[in-house]
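To start, the structure itself, in C-alpha cells.
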Amino acid sequence: MPIFRINMIDQFINFVIRPPRAEYNPDQYLWEKDFTLAGRSYKREDLEASMDISYHTVLKNARGHTLLCSHYLPSPLPEDTPLPCVIYCHGNSGCRADANEAAVILLPSYITVFTLDFSGSGLSDGDYVSLGWHERDDLKVVVSYLRSNKNISRIGLWGRSMGAVTSLLYGAEDPSIAGMVLDSAFSNLYNLMMELVDVYKIRLPKFTVKMAVQYMRRVIEKKAKFDIMDLNCLQVAPKTYIPALFGHASDDRFIQSHHSDLIFKSYAGDKNIIKFDGDHNSSRPQFYYDSVSIFFYNVLHPPQISTAHSSKLEKYYDLGDLKVGAGMDESLLYEIFTGLHSARTDAASSSSVPPSVSTAKSVDELLSEIAPVTTVDSMLNENNTPGSLETSHLQDKPNGQNEECCSYTSSNRESWGRCSSLGGSDEESSADCTAADNGHQKTLKAFATPLRSMKKKSSESSKEDKKKTTPVPKKPKSEKFEKLEALSKRLRLCFLRRVNHRRQRSS
C-alpha cells in the first residue's frame, strides 16, 4: 500500500480514537461553585484529585485512570428527600462542560446532573477514546458511586454521539437505569467508518478497502485496546428494556439519521424518536429540550418540593418587623404581594404580560406601592412595571463583560466543545458555534445569575430606583398611614389565621 495512503489512513484512525482533546479551565467553562437558576440556588461539587484526600472523592476506572467529574445539586439539599440524577455523557471530542445546558434544563425540576470527562477526554487520564467501548466501564464506576449516595434516588442517562452509544451499551447491562436519552447514536462502528470514507472523500480503490479496514482494525486494537467489529449497538438494542428517547438531526453528515432509525426499530423497551433540523454538532431546538425534560420527569419521578422547603423568604424580602414563623407557608406572602401588585398593574395597563414583584424592596415600600395613594401616571413611570425585574438583572453589564455571568454556552468553549471532530471543517464548526449559540445566549442569561452579581446589581438597582422615582403629589399623612395600617392588619390576620388553622389541624 503506498505510503501517502497509509498516512491518510493513520490520520483517519486518529479521527476515530484520538480526536482533538478538550483542554479547559473548570472555573471558567463550568457553572460556578455557587450559582442561581430561576431564582433558586445551586452548587457544583467536583470529584477530582487533590492533596487533601479526605475532602475530595477520586473516581478511577478499572484501568487506573482518574476520572474528573462534577455534580450539580440544589443548595441546600432538601432534608430526608433523595433526588434523582441524570448522568450526562459527552461526545468523542467533548467534555463535562457540554452538560451545562442539561443542568439548566433539569435542575429546576429537582433532578440533579452528574457529568464527567471520560477516560482519554478532557482533563481525565488516558490517551485514547474508544467510542463507547471503554467509556461503558467509566460509566459503571460513576453509577456505583451514585448508588452509594443516600441523597440520590433514581438514575437516568443522557448521551450524545459517543455518549449515546456508551449509555446504550451500559444500559443493556444495568436494567435498573430509569430512562435514557440517546442523541445521535451510531448503530455499528464498522458501517460508520465505511460511510465516513465516502463522506470525507478518502480516495481508496475498492479492492484496497478491505485491506485498509483490516489495517485500521489492527492499529486501533493495538493502540486503544478494542476491536471495532465488536462495537455494534444493534446487538444490544433487542435485549434492552429501559425506556428510551431517541433524537437525531436530519442533516447529520457524520452519523446519519438512519443509524438511530435502525437502533430504534430493534430496540425492545418503551421508545420514542424525535427528528429535528440541524447537523451533528448544531445546538438542539427548544422543543427537543422540552421533550427531554418531560421524559426525565416521567421516568425519574422527582419529588414535589415547595419553595418554602428550599429557600427562606428573607433572601427575597426585607420583612422588617413582620417575620415568618415556623408554621408559616411562605408562598402565602408571594400570593398576597403578587395578587395586589397584579390588581394595581391591571388598573394601570392593559398589557397581558404577567406581573413581577421587585425582590429588592422592603415590605413597607411594597405596601406603599400597593396602597392606592399614587396616580396612574406615576405607576406607569415606576421601575417595577412588568418585566422590569428581568431587565434590571440582565442589562447592568456590557455584552463583553461576562466574567460574572454564568451563561457558559458552547460558543465560549470553541469548536472542541462539540460532540465530534469529524462534523465538518474548522471554519464550518466555528460558524455553526457562533450562529447556534447566539440563540441560546439570551436564554441562559435569563435563567442564570451568579449570586455575587445579584447582590451587586440589587444594590445598584435600588439606587437607580430612587433616582428615577418621579415626585407625586403628597397626600395627607394621616390618610396614607390609615390605609397602610389597615392593609398591614389584613396581612397579619391572614398570617395568624393560617398559623392557627395549622395548629388546630395538627392537634
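The values are calculated or read from the model by the stated rules, or taken from the named source; none is laboratory data. Since this is a predicted model, take the numbers as computed values, not measurements. FYI the Cβ positions are ideal-geometry reconstructions off the backbone, even for glycines, and counts take in every protein chain you see. In case anyone asks, the SASA skips ligands and DNA or RNA and just uses the protein heavy atoms, side chains included. Shrake-Rupley method; radii C 1.70, N 1.55, O 1.52, S 1.80 Å.
Here are some notes:
- Between F287 and K150, the distance separating the two model label sites (each 7 Å from Cα on the Cα→Cβ line) works out to 4.6 nm.
- GluC sites (Glu not before Pro) lying in DSSP loop within region 146-233, provided at most 16 other Cβ fall within 10 Å: E173
- When all protein chains stay in place and ligands, DNA and RNA are ignored, the 1.4 Å accessible-area order of S187, S176, largest first, is S176, S187.
- 17 Å reach of a label modelled at D230, 7 Å along Cα-to-Cβ, counting backbone N of region 4-41: 17
- Shown for region 1-300: the carbon plus sulfur share of the solvent-accessible area, taken with all protein chains present and a 1.4 angstrom probe, equals 52%.
- With a 1.4 Å probe rolled over the protein heavy atoms of all chains, the accessible area of Y288, Y215 falls in the order Y215, Y288, largest first.
- Listed values for region 127-132 are Karplus-derived 3J(HN,Hα) couplings in whole Hz (6.51 cos²θ - 1.76 cosθ + 1.60, θ = phi - 60°), namely 9, 9, 9, 10, 6, x, and x replaces Gly and Pro.
- Database remark: amide H of L59 closer than 5 angstrom to the amide H of L67 (H placed geometrically; neighbours at sequence offset of 5 or more, or on other chains; Pro and chain starts carry no H).
- Ordered by solvent-accessible area of protein heavy atoms (1.4 Å probe), largest first, the residues H134, H248 come out as H134, H248.
- Using a probe of 1.4 Å on the protein chains alone, the accessible area found for R40 is around 70 Å².
- For S130, the amide hydrogen comes within under 5 Å of the amide hydrogens of E135, counting only partners 5 or more places away or on other chains and with H modelled in the peptide plane.
- Listed values for region 155-166 are Karplus-derived 3J(HN,Hα) couplings in whole Hz (6.51 cos²θ - 1.76 cosθ + 1.60, θ = phi - 60°), namely 10, x, 10, 10, x, 10, 6, 4, x, 5, 5, 4, and x replaces Gly and Pro.
- For F254, the accessible surface of its heavy atoms amounts to roughly 20 Å² (probe 1.4 Å, protein chains only, rounded to the nearest 10).
- Whole-number accessible area per residue in Å² for region 1-300, which is evaluated in the context of all protein chains at 1.4 Å: 41 Å²
- Distance from the alpha carbon centroid of region 134-198 to that of region 251-274 works out to 15 angstrom.
- Accessible area per residue was computed with a 1.4 Å probe on protein heavy atoms; I155 scores about 0 Å².
- Here the spin labels are modelled as points 7 Å beyond Cα on the Cα-Cβ line, and at R253 and R218 they lie 3.3 nm apart.
- When only Cα pairs below 8 angstrom with a gap of at least 6 residues are kept, region 1-300 shows a relative contact order of 15 percent.
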